[in-house]
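Notes for the one structure printed next.
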Amino acid sequence: MTRDAFYFVKGRVWFYILAPTGGNTMWSRRSFLRLAGSATGAAFAMRSYGIAEVEAATAAVAERTPEEVAADESYWREIQFAFTLDRTLINLNNGNQCPSPAVVHEACKRYMDWSNQAPVYHRGMIERNIEMARRRLANEFGADPEEIAITRNASESLQIAQMGLDLKPGDEILTTEQDYGRMLTTWDQRARRDKIKVTRIDFPCPTTQADLLKRFETAITLQTKVLHFCHITNQSGQLFPVRDLSRLARQRGIVTIVDGAHAMGHFPYKLRDLEMDYYGVSLHKWLLAPLGTGLLYVRRDRIAQTWPLQAAPERRDTDIRKFEEIGTSPAATKAAINEAIAFQQAIGIERKAARLRYLTLRWANELKKSPRIRLHSSLEPGQTWGLAVVSIEGVDSNKLVTHLMDKHRIIVTAVGHENIKDPKMSYRGLRITPNIYTPLEEIDTFVEAMLAVAKNGLPA
Ligand SMILES: Cc1ncc(COP(=O)(O)O)c(C=O)c1O
């Protein structure tokens, strides 16, 4: 029998009320509230964690190294309180979209409500404050605010760069087989429309950054005008030598477009140190910002030469804001980026990255003991944090995804590709992406489930 349940917030505390069993009473909001003070129903309070609580928890561990904090369950328990999650599921597919902490989600709803009161007036007021988010993003990720555009996602950011360059027939784009499908589709469409040439480099998983640099260097021709690659791929977690590739390209007059969809908010770096021309990000991934937020970095001297995806007046040619001319759209999501940055700062990106790596090593080091299990991501320090790929020999990865969901309520996704010409490059496996809210017990459930399949195969 299903029982009615109800949430409400009083002060900074969330209450979760479960109606009594029996009878067929329809529970109204008022009756639930009456119940809140009585012992008739089972009521428990979930502490609501805002930025101040996270800061206080972090202050208590500030003297220790990020690696020591990564293994401190009581600290991460505090961080888990900051999220309102469906704990009936084990979500190991944060590589898709990450849930925002309550403080970010609530801010977004608040801005949405405010805006809705008189959109023409209030939305405009919020829009003016978006400059704050631009400044904070620039500050946190090491760039000039005049090089940062706020977009809706990495697809939009990267397509602005891909579609905004002047290219002529015969010009070549060098990219990889592991770049994001939509971005490859964008280049393929330009190839059909503008008769440019698109070359995809393949590589084994995992490989080294030196190997990737060599592969690009060898593949560059006199026609190459653009290098397009991921900072870290969504397909295997392979990390690319962004600065070395950017320098290599610049020496030859080649433009660099970097897909940072999975990098920002995942591990520490500064944009200005990477030296590329364009960098696109989805902020609703590892920064935990609201769905529908992205960032585009354009090196200052490239802004004027880049056409926006939606037209802007000529007087804005050198203004990064020309890439934000998308028509009427929510300001609330963008405004709440401020809370997402504050939340990240309250933990610290080094601690966040160390925890993600700690969770990955916990499952990967256990699973690799089984002779039937293969890892397709490097576990070397500085190469992997919260995204790694694993398969079980002889087990179809798609069927394994279904099994983990059906039997264990674990959400994962299958990734990989086939290279018929060079089978050494082919692989397929499960992409495992936990998050800072993931408790060890969920990782261990995943490990047990995988070891059972490695031992006994999938149930018939
Ligand atoms: C590597 C990579 N690039 C780009 C994207 C596109 O991101 P979005 O769908 O948020 O635009 C994704 C999405 O998963 C991705 O993994």
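I'd like to compare 207-216, 329-338, 239-248: which one has the highest average count of other Cβ atoms within 10 Å, and what's the full order after that?
Final packing ranking: 329-338, 239-248, 207-216.
Set the Förster distance to 25 Å, then compute FRET efficiency between K455 and D422 from the Cβ-Cβ distance, nearest 0.05.
That gives a FRET efficiency of 0.20.
For the chain, report the translational diffusion coefficient in µm²/s to the nearest whole number, using Stokes-Einstein at 37 °C, 0.692 mPa s, and a Kirkwood Rh over Cα pairs.
For these conditions, the coefficient is 137 µm²/s.
Which cross-chain or sequence-distant (5 or more) residues have an amide H under 5 Å from the amide H of A312, H modelled 1.01 Å from N in plane?
Placed amide hydrogens put nothing under 5 Å from A312.
Packing-wise, with mean Cβ within 10 Å as the measure, how do 261-271, 68-78 rank, highest first?
Packing proxy ranking, top to bottom: 261-271, 68-78.
Could you grab the relative contact order for region 382-460? Cα pairs under 8 Å, six or more apart, rounded to a whole percent.
34 percent
Quick one: the Cα spread of region 105-343 along its three principal axes, in angstroms, biggest first?
57, 38, 27
So for region 105-343, averaging the separation of alpha carbon pairs under 8 Å that are six or more residues apart and normalising by length, what relative contact order in percent results?
Normalised by residue count, the contact order of region 105-343 is 29 percent.
What do you get for Rg/Rh of region 83-154 when both radii come from the Cα atoms and Rh is the Kirkwood radius?
Expressed as Rg/Rh, it is 1.05.
Starting with the highest mean, order 372-381, 109-118 by the number of other Cβ atoms within 10 Å, averaged over the residues of each peptide.
The peptides rank, most packed first, as 372-381, 109-118.
Report relative contact order for the chain in percent, whole number only (criteria: Cα-Cα under 8 Å, sequence separation at least 6).
That works out to 19 percent.
The numbers here are math on the coordinates, done by the rules we state, and not lab data. Bear in mind that the values here come from a model prediction, so they are computed numbers and not experimental data. Counting neighbours? That spans all protein chains shown, and the Cβs are built from the backbone with ideal geometry, glycine included.
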